[in-house]
Amino acid sequence: MTLHIEDLVVRYGSDGTAPAAVDGVDLTVADGEVVALLGPSGCGKSTLLRAVAGLEPPAGGRIRWDDTDLARVPAHRRGFGLMFQDGVLFPHRDVGGNIGYGLERNGVRRIAIRERVDELLDLVGLPGFAGRAVGTLSGGQAQRVALARALAPRPRLLLLDEPLAALDRELRERLIGDLREVLRSTGTTALYVTHDQGEAFALADRVGLMDAGRIRQLGAPAQVWSHP
Ligand code: ADP
Ligand code: ADP
């Protein structure tokens, strides 16, 4: 399954006079590929991701998932997994309840949810954490749980918006390695937004450099690196 973004334009405000936050983006993300969008604050990375998620309506262009035009598919029907920087955990649910939330909503049976939660906790390096209260987790543990929650329904596409930005450097570097391992081992297709070059280059098969609502350069990390 392939994501096709074609000449996408996204504008905030209803009067149409605001400058476009996303201003004509073309991007294809292939099955199993991880593409990072890198660029300064305000260049439109989050807006692009939110449009793919179905949270901002495009003012122009198209987003397709294989042959399906997503314009007619509401956010909750897209089957995409979201992980945002401040997409905090539900505080009143324990770790297992957070990870299993989407599965419950999909009507998955309790025993299958438990199995899946345990499998994901192993995957993110938190075995045995299912019954822990969210408030007892460290920042890094909470991010791991958020990742497990995003992966739980086996999303066809994982949308990550600065998922590690709130963490200190040491923890971030450790989690970059873990995240890469998880994405590779699960073959997950992902679009990864960051303003951190090291993060983008460590994780992505291809990196898109954004500026003022557009992708100015797109290529393998080494390619983009050698032609800044
Ligand atoms: P980035 O993720 O690269 O920091 P954003 O997509 O958040 O960039 O923002 C792109 C542009 O759109 C910026 O000029 C920002 O101020 C503007 N913007 C973002 N969100 C909104 C919003 N909800 N309403 C109006 N303008 C917004
Ligand atoms: P990020 O760049 O990581 O999205 P921001 O601090 O730019 O974070 O935005 C935080 C929130 O404020 C987002 O929901 C974004 O859509 C909104 N926002 C950003 N810029 C504007 C703006 N100019 N007007 C209104 N809302 C905005």
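The values are calculated or read from the model by the stated rules, or taken from the named source; none is laboratory data. All of these numbers come straight from a predicted model, not from anything done at the bench. All Cβ positions, glycine included, derive from the backbone under ideal geometry; neighbour counts span all protein chains shown.
Numbers below:
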{"read-out": "Residues within the stretch 38-87 that are surrounded by fewer than 22 Cβ atoms within 10 Å (Cβ to Cβ) and more than 16 Å from ligand 2 (Cβ to nearest atom), tallied", "value": "17"}
{"read-out": "Residue that is more than 15 Å from ligand 1 (Cβ to nearest atom) and touching an Asp or Glu at 6+ places or on another chain (Cβ under 9 Å), where the choices are 31, 66, 7", "value": "7"}
{"read-out": "Matching entry among 187, 208, 213 (being of a type outside the set (A, V, I, L, M), at positive phi, modelled with pLDDT of 85 or more and surrounded by 14 or more Cβ atoms within 10 Å (Cβ to Cβ))", "value": "213"}
{"read-out": "Members of the stretch 131-148 found to be more than 20 Å from the chain's Cα centre (by Cα), within 16 Å of residue 175 (Cβ to Cβ) and touching a residue at least 40 places away in the same chain (Cβ under 8 Å), listed by number", "value": "137"}
{"read-out": "Unmet requirement for residue 108, which otherwise passes all of (1) among the hydrophobic types (A, V, I, L, M, F, W, C); (2) more than 12 Å from the chain's Cα centre (by Cα); (3) assigned to a helix (DSSP H, G or I)", "value": "(3)"}
{"read-out": "Odd one out for residue 35 among (1) within 20 Å of residue 165 (Cα to Cα); (2) away from ligand 2 (no atom under 16 Å from the Cβ); (3) modelled with pLDDT under 95; (4) not small (Gly, Ala, Ser)", "value": "(3)"}
{"read-out": "Subset of the stretch 12-59 [assigned to a strand (DSSP E or B) and at positive phi]", "value": "24"}
{"read-out": "Within the stretch 100-130, considering residues that are in contact with a Lys or Arg (Cβ under 7 Å, 6 or more places away or on another chain) and within 20 Å of residue 171 (Cβ to Cβ), the one modelled with the highest pLDDT", "value": "126"}
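Rundown of residues vs (1) among the β-branched types (Val, Ile, Thr); (2) within 16 Å of ligand 2 (Cβ to nearest atom); (3) touching a residue at least 12 places away in the same chain (Cβ under 8 Å); (4) surrounded by 14 or more Cβ atoms within 10 Å (Cβ to Cβ), yes/no style:
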position	(1), (2), (3), (4)
101	no, no, yes, yes
113	yes, no, yes, yes
118	no, no, yes, yes
123	no, no, yes, yes
129	no, no, yes, yes
150	no, no, yes, yes
160	no, yes, yes, yes
165	no, yes, yes, yes
